[in-house]
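These notes concern the structure reproduced below.
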Amino acid sequence: MKTVSSFVEHYLKTKPFLLNSLSEGIINLTSLARNMMPEVEKQLGKDIKQGAVVMSLKRLTEELDFKINHKVIKVIKNIGEITVRSSLNDYTYAISDSILNKHAELISKINLQKDIFYTSSRGVNEINIVLSNSMDTTIEELFTGEKKIQKLKDLSSITIKLPNENVNVPGVYYYIFQRLAWEGIVLYEVISTSNEFTFLVSEQQVDIAFRVIKDLKNV
């Protein structure tokens, strides 16, 4: 049986940006309830008092905020080292029978260089390589004959060290990416390990992205 509370809970969970704004107290519950009324009554098939929606919003906002945000914020406050690198290129190639051997040769050449940024990830059909642009000629020559899906230039990376408990707390990545989205930051790639992750942005947006991440420690 559908109730006002169950509908409001579902409504909030499908709109995470709204939930976060509610938890920060920047949305008027009465105004939100008024806007929700037509949909609430349609879903429940009967007339509903606006006050019932307001009460459900208030209770669920507090409960969901406690269940999710407090654990997430504890992790966010313990963010460790933040590393920024610039002058990067992002290459995406289709998987082939020969590409892994070429990739291994690329890594061998990278190991002979100093201060080269390199990271990669492999999907089912594609392999992605992020590399300092000083290695552009090297990778282009090595991967001759491979199907290049995309090449992005003039990017910067931000690498964030997370505390170990991040793997047991749902919503950590969402919380970070939400803040970046609010600032209009475009993420070109996201590459993660257990306790750190790296994302790529344009060099024009890296200063804003770094400020967002740094400010997270003060939430």
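Bear in mind these aren't lab numbers, they're just calculated from the coordinates by the rules spelled out. On a predicted model such as this, the values are computed, not experimentally measured, just so you know. Cβ: placed from backbone, ideal geometry, glycine included. Neighbour counts: every protein chain shown.
Tabulated data
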| item | result |
| --- | --- |
| Other-chain or far-sequence residues with amide H under 5 Å of Glu196's (modelled H) | Leu162 |
| Segment Met55-Val190, length gained on full extension (0.36 nm per residue, minus Cα span) | 44.7 nm |
| Per-bin percent of Cα-Cα distances, the chain [10 Å] | 7, 26, 24, 19, 14, 7, 2, 0 |
| Spacing of the two label points (7 Å from each Cα toward its C-beta) at Ala94 and Asp215, in nm | 4.3 nm |
| Three-way shape label, the stretch 120-213, alpha-carbon gyration tensor, a/c 1.5 | prolate |
| Segment Trp182-Asn125, length gained on full extension (0.36 nm per residue, minus Cα span) | 17.4 nm |
| Among Val172, Gly51, Ala33 the positive-end extreme of the charge dipole of the chain (Cβ point charges) | Gly51 |
| Taking the chain and dividing mean pair separation by its residue count, relative contact order in percent (alpha carbons under 8 Å, at least six apart) | 22 percent |
| Positive-end residue of Phe7, Val75, Ser108, charge dipole of the chain with Cβ unit charges | Phe7 |
| Added length on full extension, which subtracts the Cα-Cα distance from 0.36 nm per residue, Asp115 to Ser31 | 24.8 nm |
| The stretch 93-160, relative contact order in percent, only Cα pairs under 8 angstrom and at least six apart counted | 41 percent |
| Gaussian network model of the chain, Cα within-10 Å springs - most flexible of Leu32, Leu22, Leu57 | Leu32 |
| Derived scalar couplings ³J(HN,Hα) [the stretch 137-149; Karplus, 6.51 cos²θ - 1.76 cosθ + 1.60; whole Hz; x for Gly, Pro] | 4, 4, 5, 5, 6, 5, 9, 4, x, 8, 7, 8, 8 |
| Residue of Val124, Val186, Val206 that the Gaussian network model of the chain assigns the largest fluctuation, springs spanning Cα pairs under 10 Å | Val124 |
